[in-house]
Amino acid sequence: MNSFLRKNMVMLVAVFIMAAFLTAAAQGMEKQDFVITLLRGLAVGSITFLVASGFSLIFGLLDVLNLAHGTLFMIGAYLGWTVVVRPDTFVDLLTPLALIISGFALGDVYPLLASRIRLGLSMRRFLPWGLILVSILLLGFILPRYPIAIWDVENYAQSPVTFAFMADSGARLPVQPAAFTEISMPLAVIGLLLASILGAFGISLFDNTPRTVRLSWKNFVSIAVALVVALVGLIFNDQLSAYLYSLNSNWLFFIAVLVATLSGVALGGLMEATLIRPLYSRPIYQLMLTLGMSAIGIEMVRAIWGRPEFVMPKPAFFNGSGEACPATNFADWWANHCSTILIFDGRVRVYNEIFIPLVGLVVLISIWILLQRTRLGMIIRAGVQDSQMVEALGINVRRVFTMVFALGVGLAALGGVLGAPSTGLSNVMGESLLLNALIALAIGGLTSYPGAALGSVIVGMIQQFIIKYGQIGIAIPFTDIIFKPTPPLVPASTVMLMVIVLLILPNGLLGKKE
Amino acid sequence: MKTFFNSNRGAFITLLVLILLPFLVGLFDGASPATVFINGSGQSKFIQGLAIEIFILAIYAISFDLIFGITGMLSFGHSLFYGVGAYTTGIAIKSFGLPLLPTFGLVLAAAVVQAILFALVLPRVKGITFALVTLGLGSVFHILVMSSEFGPYTGADVGLQGVIVPAFISPANERLRFYFIMLAVMVLVYLVYQRFVTSPTGRVCVAIRENEGRARMLGYNTFYFKFVALLLSSFTAALAGFFHTLYQPIVSPNVAGMGFTVTALLIVLIGGVGTLNGAFVGALVYRLLDYGLRRYIGESASFINGAIYVLFVLFIPYGIVGTWRLKSLQIKQGWDRLLEMFGR
C-alpha cells in the first residue's frame, strides 16, 4: 500500500487536484450546466486524445516530433466529409488510385527484373530518373483528363460550402455519370497502369544493394486485389455512386470513418517510408521536414476544398427530431434517435457530448490492450525504452516504426472525421488542435500513454469550464465583483498550466524520469 | 592589410554592392543619383524598401542562428523576442509619446527581461521540453497581443498602426537614410556576432551544441554561456523588431506567432544552420522568393515555400552557405579545370 502510494503519488495528486477543481467549479453553476460542461470537456478531451496518443506513440518510439500531425487530422476530416457529401467523387477516385497502387504493389518483382538487365554506368545513373520523368509526364497528361466528379472552389454554386449546406439540409445531388469524353477509356487505364509500373521500377532502381529476392504469393494477391478494385470501380462506377447516394446516412458515415482512417494509415506509412526514414541520423531535420509537410498539407487542403468553413452532416442515428425529442431517458432516445437528450433538465447533444467521449474511451482501451497484451505492443513498449536494444535482439524495428507511424496518423485521421460533424471543417482546425495536443502531452508526459489521456482530459475540462464561466461569470468571494474570463483566456490558461507543470515536473505528470 | 582585404574579399565586394545598390538601380531606371539622393519615387525606392525588409529579416534570422545553430537550443518561441521589440517600440511611441532614444532604451530593457524569463526556464528543461516551454511562452504573448483587453494599445488582431515615426528617419520621405542606417546596423550586428562566435565564450557555446555533458565535465558552467547567448540573441531580435515597427506601417500580430519562428527556421535552413552568413543569404533568398511567388503565382505561394523547405531538408541539409563551404574545394577545382580548358 505504501509503495503504491509512493509510486503513483504524482497521479494521485493530479487526480486529487482535478477533483478539487471540479468540486470548486460545481459550486458556481447549476447542476445541468455542470454536467453539460463536464461532458463537453470530455468530448474535447477525447478528440485531443486521439491526436495526442498517436503523436506520443510516434514520439516515444521513433523520436520524431511529428508537427504535421494536426494537418493530417485535418486531412482526415476533409476526406471523411468528401465521402459523406460527394460519394461519387470518392467512387471516381477509386480506379485511378487502385491503378497507381497496383504498379507499386509488384514490389519485389522489380529488383528481380533489374538484376537481369545489364546496364552501363551512365545508363544506370540516367535510367531511374528517366523512368520517373516519363511516369510523371504520363500521370500529368492523363489525370487532368480523367473523368472525376469534382466541385469548383471558385464557383459558389458548385463550391463545397454549397454542397455541405445542401447535404446538411437533406437534399442530395443527382449522380453525374462518369463519361470518358476527353480521353478514351482504354488509353487512360493502360496509361495509368504503365505510369505506375514505370515509376515504381524507376524508384526501385535507386536501391542498389544486392539481395536475394523471392517472389511470394503476397505480391500477386495484392496486385490482384488492386486490379479488381480498379476494374470494379471502372465498370460499376455509376451503380456504385448511385448505391452510395441511396445509402442510409449512418452507413455512409461509417464508410467515411473507415475510409478516412485507412487513408490516414496509408498516408502515415507512405510518409514514414519515403520522407522520415532517410533522416533518422539527423533528428532536427525530421522536425523541420514535418513542419514543411504541415505547411504543404494546409495549402493542399486550401487548394482542393477552398478556404471557407463548412459543416459535415451528422448521421441520422444521432440527428432525429420530432414530437418525442428531446428524449428524457436512453430507452426513449433509442426509440427516436433524438439529437438531444435531457440530463438533469439540461439539453445534451448526443453525438457531440456522449458518442465522441465513448469512442475516445473505446480507442483508449483498445490501444491499451494493443500495447499491453500483444506482441506488437510489447515490441513498441520495449522500443520506447531502447530501440537499439530491440533491434539487436533481431526484431525488424524499422517495420514496426512504419506501422506505429501509420497507426498514429490513422488515429489522428479518425479523430478528424469524428470531430468534423461537431466542430465543422476549417483550414485552421489542425493547428489549433495540434497546440492542444502538445499541451496535453507536455502536461501528461510526452511518451506516456496514460499521460496522453490524462493530459487531454485536463486540457479539455479546463477549456470548457473557462468558456462556461465566461458566460455566467465567477462571483469572487467576499466581494461583489463578478469575474468573466474572456475568450483569449481559454488557450492562455492551458498554455500557462503547461509551463507551470513543466517547470515543476520537466517530464510531465506521468512521464518517466530519464 | 592586403591579406586582410584578400581574405575578406567577398564581404567587401558585397558591402560595396550594397552601398551602391540604390544608385545602380536608379541608373538602370533612368534616374540620376541626385534624384535617388532626394528620395524621388521610382524603382530605386522600391528596391531600397525590399532591401530594408531583407536586412531586418536577416538580423532576426541571425539571432535565431545564434541560439539554434551555434548554441544548439531549439526555441519555438523566438518570435517572442521579435514581437516584444516591435510592440514595445510601437506602444512606447504611439501611446506614451516617447522620443526615439528612450524607446530604444526601453526595447533593450525589454530584451533583458525576456532573456531572463527564458533563462529562468533554462536550467530546468532541456531539448524538446525547452522547445515546448518556449512555444508556450511565445503563444502566451501572442494571445495577449491578440486579446481585446489590450486592444487600445496593441490593436488586437488588426495590428498596431498609426505609429508616428520621427521625420528624420521616416521610411516614406527619408528612405535612403533609413536604408543606410539599416545597412550599418546589419554590418554591426554581423561583426559583433562574428567576434562573439570566434571568442572563447562563443567556442564554449559551440561545445555546448556538440556535447553539453562534456562541456560541463570540462568545468564550464553551461548555464552562463547559454544565458549569454540568449541575451545577445534577445537583444538582436528586439533590435530587428524595433526597426520593423519603424519601417512597417502596421505591426501585424503575426510577428508574435509561431509562424514567424518557423520563418526564422526556414531562413536559417536555406542559408545554412550555424554559419551566420547563412542568415543573410537565407533572408535574401526567402524574401525574394516569397515576393516573386506571391507576385506571379498568387495565394499558393506558401505551398511552394513548403515544398522548397522539404526539398532543402531532404537534399541540401547544410543550406546554401554550408554546402558552399563543404564543396568550396571541389568548386574551385572545377573552376580551375574550366579555365584550363579555355586557356589552352
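The values are calculated or read from the model by the stated rules, or taken from the named source; none is laboratory data. It should be emphasised that the depicted structure is a prediction, and the values quoted were computed from it without experimental measurement. Backbone-built Cβ (ideal geometry, glycine too); neighbour counts: all protein chains shown. Ligands, DNA and RNA are stripped out before the accessible areas are found, and what is left, the full protein with its side chains, is counted by its heavy atoms. Shrake-Rupley method; radii C 1.70, N 1.55, O 1.52, S 1.80 Å.
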Could you say which residue among B:Gly241, B:Gly213 is assigned to a helix (DSSP H, G or I) and more than 25 Å from B:Lys126 (Cβ to Cβ)? B:Gly241
Pick from segment B:107-131 the residues that are open to solvent by 40 Å² or more (accessible area, probe 1.4 Å) and within 9 Å of chain A (Cβ to nearest Cβ): which of them is nearest to B:Phe227 (Cα to Cα)? B:Leu120
I'd like to know if segment B:69-79 contains one or more residues that are open to solvent by 60 Å² or more (accessible area, probe 1.4 Å), out of contact with any Leu (no Cβ under 6 Å at 6 or more places or on another chain) and in a helix (DSSP H, G or I). no
Flagged in segment B:135-167 as within 12 Å of chain A (Cβ to nearest Cβ), free of Cβ contacts under 8 Å to residues at least 24 places away in the same chain and part of a helix (DSSP H, G or I), in numbering order, are B:Val140, B:Ile143, B:Leu144, B:Ser148, B:Glu149, B:Phe150, B:Gly151
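Would you check which residues across segment B:1-39 are farther than 22 Å from B:Val187 by Cα and either part of a helix (DSSP H, G or I) or open to solvent by less than 80 Å² (accessible area, probe 1.4 Å) (or both) and list them?
Keep residues of segment B:1-39 that are farther than 22 Å from B:Val187 by Cα, which gives B:26-36, B:38-39.
Scanning segment B:1-39 gives B:Gly26, B:Leu27, B:Phe28, B:Asp29, B:Gly30, B:Ala31, B:Ser32, B:Pro33, B:Ala34, B:Thr35, B:Val36, B:Asn39.
Name the residue that is farthest from A:Ser246 (Cα to Cα), counting only residues in segment A:155-179 that are assigned to a loop (DSSP other than H, G, I, E, B), modelled with pLDDT under 75 and of a type outside the set (A, V, I, L, M). Walk me through how you get there before you give the answer.
Step one: filter segment A:155-179 for residues assigned to a loop (DSSP other than H, G, I, E, B), giving A:155, A:159, A:169-179.
Still in the running and modelled with pLDDT under 75: A:155, A:169-179.
The next check asks that each one be of a type outside the set (A, V, I, L, M); those that pass are A:155, A:169-170, A:172, A:174, A:176-177.
Numbers: A:Asn155: 26, A:Ser169: 16, A:Gly170: 12, A:Arg172: 9, A:Pro174: 11, A:Gln176: 14, A:Pro177: 15 Å.
Once the filter is applied, the top-ranked residue is A:Asn155.
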Residue hits (segment A:271-285; more than 8 Å from chain B (Cβ to nearest Cβ) and touching a helix residue (DSSP H, G or I) at 6+ places or on another chain (Cβ under 8 Å)) are A:Met271, A:Glu272, A:Ala273, A:Ile276, A:Arg277, A:Tyr280
Can you list the helices (runs of 4 or more DSSP H) lying wholly within segment A:397-513 that have 1 or more residues being surrounded by 24 or more Cβ atoms within 10 Å (Cβ to Cβ) and away from chain B (no Cβ under 12 Å)? A:397-423, A:429-444, A:449-472
Looking only at segment B:168-192, count how many residues are open to solvent by less than 50 Å² (accessible area, probe 1.4 Å) and without any contact (Cβ under 8 Å) to a residue 12 or more places away in the chain. 1
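Looking only at residues in segment B:81-93 that are open to solvent by less than 10 Å² (accessible area, probe 1.4 Å) and among the aliphatic types (A, V, I, L, M), which one is farthest from B:Ile143 (Cα to Cα)? Before you say what the answer is, go through the steps one by one.
Kept after step one, since they are open to solvent by less than 10 Å² (accessible area, probe 1.4 Å), are these residues of segment B:81-93: B:81-83, B:85-87, B:89-90, B:92.
Keeping just the survivors that are among the aliphatic types (A, V, I, L, M) gives B:86, B:92.
Working: B:Ala86: 16, B:Ala92: 20 Å.
Per the criteria, the residue is B:Ala92.
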Among the residues of segment B:138-167, write down those that are open to solvent by less than 60 Å² (accessible area, probe 1.4 Å) and either closer than 18 Å to B:Ala92 by Cα or among the charged types (D, E, K, R) (or both). B:Phe141, B:Val145, B:Gly151, B:Thr154, B:Gly155, B:Ala156, B:Gly159, B:Leu160, B:Gly162, B:Val163, B:Val165, B:Pro166
Do you know which residues across segment A:275-303 are open to solvent by 40 Å² or more (accessible area, probe 1.4 Å) and over 27 Å from A:Trp81 (Cα atoms)? A:Arg277, A:Pro278, A:Tyr280, A:Ser281, A:Arg282, A:Pro283, A:Ile284
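Collect the residues in segment A:368-412 that are charged (D, E, K, R) and over 23 Å from the mean Cα position of the chain (by Cα), keeping them in residue-number order. Spell out the reasoning first.
In the first step, residues of segment A:368-412 are kept if they are charged (D, E, K, R); the result is A:373, A:375, A:381, A:386, A:391, A:398-399.
Answer for segment A:368-412, where residues must be charged (D, E, K, R) and over 23 Å from the mean Cα position of the chain (by Cα): A:Arg373, A:Arg375, A:Asp386, A:Glu391.
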Name the single residue, out of those in segment B:252-303 being under 24 Å from B:Val197 (Cβ atoms) and small (Gly, Ala, Ser), that is surrounded by the fewest Cβ atoms within 10 Å (Cβ to Cβ). B:Gly274
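Being open to solvent by less than 50 Å² (accessible area, probe 1.4 Å) and in contact (Cβ under 8 Å) with a residue 24 or more places away in the chain: is that true of A:Asn319 here? Break it down stepwise before answering.
Working: open to solvent by less than 50 Å² (accessible area, probe 1.4 Å): no; in contact (Cβ under 8 Å) with a residue 24 or more places away in the chain: yes.
Against the criterion (open to solvent by less than 50 Å² (accessible area, probe 1.4 Å) and in contact (Cβ under 8 Å) with a residue 24 or more places away in the chain), A:Asn319 does not qualify.
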Flag for B:Phe96 being modelled with pLDDT of 85 or more, aromatic (Phe, Trp, Tyr) and surrounded by fewer than 24 Cβ atoms within 10 Å (Cβ to Cβ): yes
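Counting residues that are open to solvent by less than 40 Å² (accessible area, probe 1.4 Å) and at pLDDT below 90, which helices (runs of 4 or more DSSP H) fully inside segment A:1-112 reach at least 3? Break it down stepwise before answering.
Working: elements: A:2-7, A:9-27, A:31-62, A:69-85, A:87-105.
The qualifying helices (runs of 4 or more DSSP H) are A:9-27, A:31-62, A:69-85, A:87-105.
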Filtered residues of segment A:294-332 (kept if aliphatic (A, V, I, L, M) and under 23 Å from A:Tyr156 (Cα atoms)): A:Ile298, A:Met300, A:Val301, A:Ala303, A:Ile304, A:Val311, A:Met312
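Yes or no: B:Gly343 modelled with pLDDT under 80, out of contact with any helix residue (DSSP H, G or I) (no Cβ under 8 Å at 6 or more places or on another chain) and not hydrophobic (A, V, I, L, M, F, W, C)?
yes
Give the residue that is nearest to A:Gly45 (Cα to Cα), with candidates limited to residues of segment A:336-384 that are of a type in the set (S, T, N, Q) and in a loop (DSSP other than H, G, I, E, B). If you could, list the steps in order and put the result at the bottom.
Filtering segment A:336-384 down to residues of a type in the set (S, T, N, Q) leaves A:336, A:339-340, A:352, A:366, A:372, A:374.
From what is left, the residues that are in a loop (DSSP other than H, G, I, E, B) are A:339, A:374.
Working: A:Ser339: 21, A:Thr374: 26 Å.
Across segment A:336-384, the extreme among qualifying residues is A:Ser339.
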